[in-house]
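Novice: Here's a structure for you.
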Amino acid sequence: MMKIAVYSCREDERELFEAYGRQMGVALSVTEEKPSLENLDVARGCQAVCVITTPVPAELLDAWKEMGIRAVSTRTVGYEHVDWKHAREIGIPVSNVSYTPHTVAEYTVMAMLMAVRRMKTIVTRYQVQDYSLLKVRGRELCRMTVGVVGTGQIGETVIRNLSGFGCRILANDVCEKEAVKELAAYTDLETIWRECDIVTFHTPALPETYHLVSRESLAKMKPGVVLINMARGSIIDTEALIEALESGQVGAAALDVLEDEGRIYYQDYKYDLTRNHDMAVLSGMPNVLMTPHTAFFTDEAVGDMIRYSLESCIAELEGRPNPRRVNGR
Ligand code: COI
């Protein structure tokens, strides 16, 4: 029987893994530990490995290869945490999953509305019985121009969701889609910076998208622009963003991701120091809504992540074509 090692399994995933494993007729070796050279035993006797967001460096791939691992699947959309190029060199296929795009797309629109309606301030003030209208006047989305950078599945779904609000939508991507053109106008980044009241990012973490939001691009944006990042922390130069929020060049931001979030998000730091000064500064700002990379987190998405990841491992082990493979044939 095929056996798949599952790393970083959360409590809420365990039952789903068991159910899908049973349904697909595969045995699983499940651990809550993240993958490392110290816990190779978890993958002993397995032919494939399923991981989530923690790093999978070359040394670990070499060790797994030695043990007979023939496929690695990350149950995430982003796969920058896996050294997929090295995996290709040693002949291990790496795959990702594309779960329901509605989960992040709906969260994005929620965050956008919360930012323009100053919801963080309204809610925190309500907690202390301050029901005054001071500094909580918002703006209407329908009168704004929204820029969507990245029109993959998530960006396209954001555009679809936004189309009901009546705002003007500009889009940018290296690949333009006909379906998107019906609802938004593709344009270059310079135009997005110059004309948009809100800019939302839905691009992967690539060298080309590193610090897309920088001192330089921020200076070109409309004063008071609202920035939404539900994609990857590396898209925004955090220091430059803080300066722009302090000067008022950026009017508000909603950030589900942040540079250097990896060692902090999904941990409980209640009685500890995060030692991330930028995070502390940003989360103290009334106009910055921070969430700990939870945009993906719905019943539907978690089910998809597990099902598709196991399916992907099985396809690789059975030698069938796997459309989810990210590191070539
Ligand atoms: C992804 O799927 O790429 C995500 O960002 C969600 C992940 C953190 C679980």
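Taken together, the values in this text are just the output of simple stated rules run on the coordinates, not laboratory data. From a predicted model like this one, the values you see are computed outputs, not experimental measurements. Positions of Cβ are generated from backbone atoms using ideal geometry, with glycine treated the same way; all protein chains shown enter the neighbour counts.
Novice: For region 227-329, which GluC sites (Glu not before Pro) pass both filters: DSSP loop (anything but H, G, I, E, B) and at most 14 other C-beta atoms within 10 Å? Before the final figure, lay out the partial values.
Specialist: On the way: sites: 239, 243, 246, 259, 261, 300, 311, 316, 318; in loops: 259, 261, 318.
Those that pass, being in a loop and sparsely packed, are 318.
Novice: Under a Cβ-Cβ cut-off of 13 Å, what is the net charge of the residues other than residue 65 that fall near it, where Lys and Arg count +1 and Asp and Glu count -1?
Specialist: Local net charge: -3.
Novice: Quick check: the angle from helix 11-24's long axis to the longest principal axis of the chain, C-alpha only, nearest 10 degrees?
Specialist: Taking Cα atoms only, the helix is inclined about 50 degrees.
Novice: Taking each pair of different alpha-carbon atoms in region 102-290 once, compute 1/r for the pair, average those values, and report the inverse of that mean as the Kirkwood hydrodynamic radius in Å to one decimal.
Specialist: Kirkwood radius, region 102-290: 17.0 Å.
Novice: Right, next: I need the chymotrypsin sites (Phe, Trp or Tyr not before Pro) found in region 89-166, filtered to DSSP loop residues with at most 16 other beta carbons within 10 Å of theirs. Provide the component values of the computation, followed by the final result.
Specialist: Details: sites: 99, 107, 126, 131, 165; in loops: 99, 131.
Passing both the DSSP loop test and the Cβ count: 131.
Novice: While we're looking at this one, here's another question. Evaluate E = 1/(1 + (r/R0)^6) for residue 24 and residue 208, where r is the Cβ-Cβ distance and R0 equals 45 Å; express this FRET efficiency to the nearest 0.05.
Specialist: Numbers: r = 37 Å, r/R0 = 0.81.
That pair, residue 24 with residue 208, gives E of 0.75.
Novice: Taking only C-alpha pairs under 8 Å that are 6+ residues apart, what is the relative contact order of the chain in percent?
Specialist: Working: 608 pairs, mean separation 62.2, N = 329.
After rounding, I find 19 percent.
Novice: Let me ask something additional. Work through the residues other than residue 39 whose Cβ is under 11 Å from its Cβ and net out their charges, Lys, Arg +1 and Asp, Glu -1. Can you show the working numbers first?
Specialist: Numbers: positive: 34, 44; negative: 32, 33, 38, 41.
With Lys, Arg at +1 and Asp, Glu at -1, the net is -2.
Novice: Within region 107-209, report the GluC sites (Glu not before Pro) that DSSP leaves as loop and that have at most 10 other Cβ atoms within 10 Å.
Specialist: 182
Novice: Here's another thing I want to ask about it. Among DSSP bridges having both ends in the chain, what percentage is antiparallel? Round to the nearest 5.
Specialist: That works out to approximately 5 percent antiparallel.
Novice: So how do 255, 37, 134, 16 line up by other beta-carbon neighbours within 10 Å, fewest first? Walk me through the intermediate numbers first.
Specialist: On the way: 255 23, 37 11, 134 8, 16 17.
Result, fewest neighbours first: 134, 37, 16, 255.
Novice: Oh, and also: Distance between Cα centroids, region 103-152 to region 287-328: provide it in whole Å.
Specialist: 29 Å
Novice: Can you put 294, 121 in order, fewest other beta carbons within 10 Å first?
Specialist: Numbers: 294 13, 121 17.
Listed from fewest to most nearby Cβ atoms, that is 294, 121.
Novice: At 0.36 nm per residue, and after removing the present C-alpha to C-alpha distance, how many nm does the segment from residue 89 to residue 285 gain when stretched out fully?
Specialist: Numbers: separation 196, 0.36 × 196 = 70.56 nm, distance 4.58 nm.
My answer for the length gained is 66.0 nm.
Novice: Using 1/(1 + (r/R0)^6) with R0 = 56 angstrom and r between the beta carbons of residue 219 and residue 67, what's the FRET efficiency to the nearest 0.05? Write down the numbers at each step before the final one.
Specialist: On the way: r = 52 Å, r/R0 = 0.92.
The computed FRET efficiency comes out at 0.60.
Novice: Just from its helices, what would the mean residue ellipticity at 222 nm be for the chain, if runs of 4 or more DSSP H residues each count -39500 (n - 2.57) and the sum is divided by every residue, rounded to the nearest 500 deg cm²/dmol?
Specialist: The helix contribution divided over the chain gives -10000 deg cm²/dmol.
Novice: I would also like to ask the following. Note the full-extension length gain between residue 134 and residue 177 as 0.36 nm times their separation in residues minus their Cα-Cα distance, in nm to one decimal. Before the final figure, lay out each step's value.
Specialist: On the way: separation 43, 0.36 × 43 = 15.48 nm, distance 4.33 nm.
Stretched fully, the residue 134-residue 177 segment lengthens by 11.2 nm.
Novice: Please arrange 277, 81 by counting, for each residue, the other beta carbons lying within 10 Å of its beta carbon, fewest first.
Specialist: Working: 277 11, 81 17.
Going from sparsest to densest Cβ surroundings: 277, 81.
Novice: What FRET efficiency, computed as 1/(1 + (r/R0)^6) with R0 = 22 Å and r the Cβ-Cβ distance, is obtained for residue 11 and residue 270, rounded to the nearest 0.05?
Specialist: The formula returns an efficiency of 0.75 here.
Novice: Helix 153-162 versus the longest principal axis of the chain: what angle, 0 to 90°, nearest 10, using Cα atoms?
Specialist: With rounding to tens, the tilt is 30 degrees.
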